[in-house]
1. In this model, which of LYS382/LYS568; LYS131/LYS183; LYS356/LYS508 are farther than 27 Å apart at the alpha-carbon?
2. Under the rule a/c < 1.5 gives rounded, and otherwise a/b versus b/c splits prolate from oblate, where does the stretch 13-272 land using the Cα gyration tensor?
3. Can you sort CYS238, CYS15 by how many other beta carbons sit within 10 Å, fewest first?
4. Can you give me the span-like helices of the chain, meaning DSSP H runs with 24 Å or more of Cα extent along the axis and Kyte-Doolittle mean at or above -0.5?
5. Considering only the other residues whose Cβ falls under 9 Å of the Cβ of GLU195, what net charge follows from Lys and Arg at +1 and Asp and Glu at -1?
6. For the residue pair ASP259 and TRP556, what label-to-label distance in nm results when each label sits 7 Å from Cα along the Cα-to-beta-carbon direction?
7. How large is ³J(HN,Hα), in whole Hz, for each residue of the stretch 336-346 in order, when computed from phi with the Karplus curve 6.51 cos²θ - 1.76 cosθ + 1.60 and θ = phi - 60°, using x for Gly and Pro?
8. With θ set to phi - 60° and the Karplus curve 6.51 cos²θ - 1.76 cosθ + 1.60, what are the ³J(HN,Hα) couplings of the stretch 374-384 in order, to the nearest whole Hz, using x for Gly and Pro?
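All of the numbers you see were taken from the coordinates with simple rules; none came from a lab. Predicted model only: the values in this text are computed from it and were never measured. Ideal geometry is used to build each Cβ from the backbone, glycine not excepted, and the neighbour counts take in all protein chains shown.
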Amino acid sequence: MSPIPYKLQPHDTLCFVHVPKTAGTTLISLLDAKFHRQDICPSQLWCHLATAPFLSSNYRLIRGHFTWDDYTQFVASPVFISMFRDPVQRTISEYNFMNDYPDSWKHQQEHVDAVYQFNHQAGVALETRIKLQQRAIATDLDSFVRDPFVQEAMRDPHLRAMATATTDASHPSTENLLEIATKRLDDLVFFGILEDFQASMALLSYSFGWYPIVQYQKLMIAKTSDYLQGVSSGTLDCLREINQGDLVLYDRAVEQFRDRFRQMQATLEATYGSPDSQTQTAPESWLERHYIDCYTAHQHPKIHQLDLTFDQPISGTGWHLREGNADTLFRWTGPATESTLDLPLASGQDLTLRMKVVGGITPEVVNGLTLTVGDRPIPLTKVCHVQDDGLFLVIYQGTIPQSVIECDRPFTRLRFQVPRTQSLQSLDPSNPDYRPVGLAVNQIRLSPRVEPLAEGDRPFLFPLDDVYWRETAQFVRQHWLTSEKIVAPIEFAEYFPGQLTPYLQVVKEPMGPTQWVIIHKGQISSLPLHLFSAMKTWTLVFANPVFAVLTAHETWNALDPANHADAKAYHQSVSSRLESAAIAP
């Protein structure tokens, strides 16, 4: 039997033996958080392999619809996991799924020729899969399972996944497959039972020493959970006959799962003592302490600085599957209102936290975010909030005092809380996304706290290394009052928290009460005329080759264009802009 718990080695590849409709999509979303994006094989179907051969021994997670023996063909050091489900209910669920998504076969049809060229038997398997869905769409369940083609094609899928290769054209006996699959149950580092999903997630957390999985979103779930309702006894008999071998394997898996679970409970109790109250699954407090011990054993170096982007693995809970393209990856918070991150922060100095958010389910959620570190609430300032024409950008900023950083633990836990979560579908019925979500977080940055614009400052947007940008921001900050409004490029937002109106908003509506405007000379031709009209009596008080700064304060002396080349260039650019507008048809 594989050791439990199991410590993944750098050369290991975690291989999910994934049979359809065994909670695989839900499990994959949890596994996704444990690995860097570049370490996860993007191919999940044979048609993907044929058209883009992504498989490589460098991947650390492969989670597609591949069999045990498929993996052994292209993975040097596979570590196997799987999920089991009552075979009769699984088959009904798969039939329902094929009817719920009647066009899904069309995408695979496009790749049949390529798969045949890649591997003939894999092409046969793909074509069989397409024909299965076409027959499922065309007939009711009873007729479907009585079809001889269906009976052969859908016979004992978990047995075949555990004991054969997709590329193997032979037809071993059920007894032979059972013998192989039963032996391989012992070699699964983890397997769960869908009918006991909560206990399965406890065992998964324990097996790999991961953050206890107590919060998860069930994905790709059926519209009904009562699969047997209305199914005739004759149909059930056919389903049992089709799954004869899988039913035996399932019973053996359930028995062994219970043994593993009892072993886990006994080990946890022996290690951490009896809990105050017994529950059906291992108490969360046990798993939390086990996780802390595993985290400690990993010996993560303590850090003062971090750029957490969501191509990276995370240790925490309350985060959905990563989304977006390579440049704009994000995770929604949810399904619950709390999301956590465990970070190996070094003590000794205060840290500045910045968080970039690219989506929010409601204004209440965007405005209601709170952060707690340890037991200390950390005030957050919304330094930037832009929502316009598909652009959504919010940047939060706060200071984590060194006194709350856990120096006696291997990590410090950050708890982000939103007032509530709800689905995108609840706001737009045409949106198929039913997951409860809160904020779409793109990046979290931690760095030692320094004065704004000082060396070591690490803003998200501002090009701090550019001397003209830096001197412009420094000039305005020297004279700006924190209550004064300012119009400027959005990159300046982090240095004028909550008071900056970016150009894209000024373009659409008249400028409100404002005391300062930073004009980027290269953008004068695209700025609205009403902005220049509003500044007609304003004073130009600063200019460099890139920027001009004007203020509504009447006590300032204006720069003399005759003696200041950058001021002269600004006035000439504005004059050209106004003249071109005057002669435009």
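1. In this structure, LYS382/LYS568; LYS131/LYS183 exceed 27 Å between Cα atoms.
2. oblate
3. In order of increasing Cβ crowding within 10 Å: CYS238, CYS15.
4. The qualifying helices are 120-138, 565-583.
5. Value of the local net charge: -1.
6. With each label placed 7 Å out from Cα toward Cβ, I get 7.9 nm.
7. Running phi through 6.51 cos²θ - 1.76 cosθ + 1.60 with θ = phi - 60° gives 7, 7, 9, 10, 10, 9, 9, 10, x, 7, 8 Hz.
8. So the J values, rounded to whole Hz, are x, 9, 9, x, 10, x, 10, 9, 8, 7, 8.
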